[in-house]
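Visitor: Take this structure first; my questions come after.
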Amino acid sequence: MTQENSMIIIDRIYGSYKITSPVLLELIQSPSLQRLKDISQMGPPDPYYHIPNYSRYEHSVGVMLMLNHFQATEAEQVAGLLHDVSHTAFSHLIDWVVGSGHVENFQDNQHESFIKNTEIPAILEKYHYSVDEIVNYKHYPLLEKEIPSLCADRIDYSLREFPLQSARDCFKHLEVFQNQIVFNNEKSAYCFGSEFLNRQQNHWGGYEAVTRYTLFGQVLKIALDLHIITMQSFQGTEKPIIEKLEQSTDEKIKTILSILKNKNLSLLKKMTKVTHKKFRYVDPEVHSGNKILLLSEINDDFMQEVELARKVNKSGVRSGTI
């Protein structure tokens, strides 16, 4: 809901926020941010994915709202809003088409150059910000931290997959201490760390996700080879690409898309080659007394769970094939 100088955003996890910052309002309504409404966070879009998806727009606005909640500077909220604006159609699936699914760094590598070719620099300059300033995440410790630390980006995309009540409970027990996002008790930190690890094992690094990334990546490669789409197509939105794929007469494209519409691919023949997926885990920081401790320092079981998950991930996945 928008008014002339403000916008009310109601988020399913964080609740209602009134945004009044002129630069945030203009960026939210810019074509580049609105484009993210048709970019699937999880890569393969509905109906070709096995669990409910959400958009890069929802995630980007969610990161901004979290930073707003923690009273981050306007600059950090701008950086949070823009941190994923350069994602191509199908998000990290592009890495499985032109790079390495194990690394997934295509978006990071094109982030600054993408932004500089949009309307965003003019908006930033209007409010006395520069692209160079906004894309330098070293300036914004609440927004981005290296694995396994907590940060607004990592927390938001995780909470959006958690059961809703667990997500709201975890968010309720987050605070900022010494310019870091931390949990205020061990129980909530363990809930977050365990739920995150569960997503790593059963979603991001699991059989269904790896199989769907592999098969949908094959479809996109075939479509490129047949000139059904071009690399430039990925700079747009997903709907036009999906329409071209679904209208294709190529038998392999039609077969794979038909298979991907099934929500369970466990009966597919397994590949001999093992696929490795990026390993993610979080060792949440906990505010205890007057200091910050890692969950692994106060919970002996947690790192054992992480190391077991790392071992499983290292062995790879034999994804399904046709």
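The values are calculated or read from the model by the stated rules, or taken from the named source; none is laboratory data. Quick caveat: nothing in here was measured; it's all calculated off a predicted structure. For neighbour counting, all protein chains shown are included, and Cβ atoms are generated from backbone atoms with ideal geometry for every residue, glycine included.
Visitor: List pairs: first in region 38-59 and modelled with pLDDT under 95, second surrounded by fewer than 21 Cβ atoms within 10 Å (Cβ to Cβ) and acidic (Asp, Glu), Cβ under 8 Å, 6+ apart or cross-chain?
Guide: Listed pairs, sorted by first residue: Pro52/Asp46.
Visitor: Right, something else. Which one of these is buried (at least 21 other Cβ atoms within 10 Å of the Cβ), out of contact with any strand residue (DSSP E or B) (no Cβ under 6 Å at 6 or more places or on another chain) and under 30 Å from Ile242 (Cα atoms): His83, His111? Full working, then the answer.
Guide: Values: His111 fails: buried (at least 21 other Cβ atoms within 10 Å of the Cβ).
Being buried (at least 21 other Cβ atoms within 10 Å of the Cβ), out of contact with any strand residue (DSSP E or B) (no Cβ under 6 Å at 6 or more places or on another chain) and under 30 Å from Ile242 (Cα atoms) holds for just one of His83, His111, which is His83.
Visitor: Is there a residue being assigned to a helix (DSSP H, G or I) and either surrounded by fewer than 20 Cβ atoms within 10 Å (Cβ to Cβ) or under 18 Å from the mean Cα position of the chain (by Cα) (or both) anywhere in region 15-22? Working first, answer last.
Guide: Keep residues of region 15-22 that are assigned to a helix (DSSP H, G or I), which gives 22.
Checking which are either surrounded by fewer than 20 Cβ atoms within 10 Å (Cβ to Cβ) or under 18 Å from the mean Cα position of the chain (by Cα) (or both) leaves us with 22.
Looking through region 15-22, at least one residue is assigned to a helix (DSSP H, G or I) and either surrounded by fewer than 20 Cβ atoms within 10 Å (Cβ to Cβ) or under 18 Å from the mean Cα position of the chain (by Cα) (or both).
Visitor: Something else: Would region 203-224 turn up any residue that is touching a residue at least 40 places away in the same chain (Cβ under 8 Å), buried (at least 21 other Cβ atoms within 10 Å of the Cβ), touching a helix residue (DSSP H, G or I) at 6+ places or on another chain (Cβ under 6 Å) and over 13 Å from Trp96 (Cβ atoms)?
Guide: Yes.
Visitor: Only one of (1) β-branched (Val, Ile, Thr); (2) more than 29 Å from Ser32 (Cα to Cα); (3) in a helix (DSSP H, G or I) is not met by Val282, so which one is it?
Guide: (3)
Visitor: Ok, one more. What number of residues in region 122-165 are crowded, with 16+ Cβ neighbours inside 10 Å, in a helix (DSSP H, G or I) and out of contact with any Pro (no Cβ under 8 Å at 6 or more places or on another chain)?
Guide: Number satisfying all stated conditions: 12.
Visitor: Right, next: Would you tally the residues in region 100-121 being assigned to a helix (DSSP H, G or I), among the hydrophobic types (A, V, I, L, M, F, W, C) and either modelled with pLDDT under 95 or under 14 Å from Thr88 (Cβ atoms) (or both)?
Guide: Here is the first cut: in region 100-121, the ones assigned to a helix (DSSP H, G or I) are 106-116, 120-121.
Checking which are among the hydrophobic types (A, V, I, L, M, F, W, C) leaves us with 106, 114-115, 120.
Next cut, either modelled with pLDDT under 95 or under 14 Å from Thr88 (Cβ atoms) (or both) only: 106, 114-115.
Selection size over region 100-121: 3.
Visitor: Restricting attention to region 108-137, which residues are under 16 Å from Glu74 (Cβ atoms), in contact (Cβ under 8 Å) with a residue 24 or more places away in the chain and of a type in the set (D, E, K, R)?
Guide: Lys126, Glu133
Visitor: Can Ile9 be described as hydrophobic (A, V, I, L, M, F, W, C), within 25 Å of Asp169 (Cβ to Cβ), over 14 Å from the mean Cα position of the chain (by Cα) and in a loop (DSSP other than H, G, I, E, B)? First the steps, then the outcome.
Guide: Values: hydrophobic (A, V, I, L, M, F, W, C): yes; within 25 Å of Asp169 (Cβ to Cβ): yes; over 14 Å from the mean Cα position of the chain (by Cα): yes; in a loop (DSSP other than H, G, I, E, B): no.
So Ile9 does not fit the description; no.
Visitor: Name, by its number, the condition in (1) in contact with a Leu (Cβ under 9 Å, 6 or more places away or on another chain); (2) without any contact (Cβ under 8 Å) to a residue 60 or more places away in the chain that does not hold for Phe162.
Guide: (1)
Visitor: Shifting gears a bit: Give me the pairs, please: first residue somewhere in region 307-322 and closer than 29 Å to Thr255 by Cα and modelled with pLDDT of 90 or more, second residue anywhere and among the hydroxyl-bearing types (Ser, Thr, Tyr) and in a strand (DSSP E or B), beta-carbon distance under 8 Å, and either six or more positions apart or on two chains.
Guide: Gly316/Thr275; Val317/Thr275; Arg318/Thr275; Ser319/Thr275
Visitor: Sort through Gln232, Gln178 and tell me the only one that's farther than 22 Å from Leu67 by Cβ and not small (Gly, Ala, Ser). Can you show your working first?
Guide: Values: Gln178 fails: farther than 22 Å from Leu67 by Cβ.
Answer to the check: Gln232.
Visitor: Do you know which of the residues in region 166-215 that are polar (S, T, N, Q), over 19 Å from His59 (Cα atoms) and in a helix (DSSP H, G or I) is farthest from the chain's Cα centre (by Cα)? Can you show your working first?
Guide: Initial filter on region 166-215 (polar (S, T, N, Q)): 166, 178-180, 184-185, 188, 194, 198, 200-202, 211, 214.
Those still in the list that are over 19 Å from His59 (Cα atoms) too: 178-180, 184-185, 188, 194, 198, 201-202, 211, 214.
Those left that are additionally in a helix (DSSP H, G or I): 188, 194, 198, 201-202, 211, 214.
Numbers: Ser188: 22, Ser194: 18, Asn198: 16, Gln201: 16, Asn202: 16, Thr211: 19, Thr214: 18 Å.
Looking at residues that are polar (S, T, N, Q), over 19 Å from His59 (Cα atoms) and in a helix (DSSP H, G or I), I get Ser188.
Visitor: Filter region 137-168 down to the residues that are modelled with pLDDT under 95 and more than 17 Å from Phe279 (Cβ to Cβ) and list them by number.
Guide: Selection gives Tyr137, Lys138, His139.
Visitor: When the residues of region 240-274 are narrowed to those that are of a type in the set (Gly, Ala, Ser) and under 28 Å from the mean Cα position of the chain (by Cα), which ends up nearest to Thr88 (Cα to Cα)? Steps first, please.
Guide: From region 240-274, those of a type in the set (Gly, Ala, Ser) are 248, 258, 266; that's our starting set.
This time we only want the ones that are under 28 Å from the mean Cα position of the chain (by Cα), so: 258, 266.
Values: Ser258: 24, Ser266: 29 Å.
Among those residues, the one meeting the criterion is Ser258.
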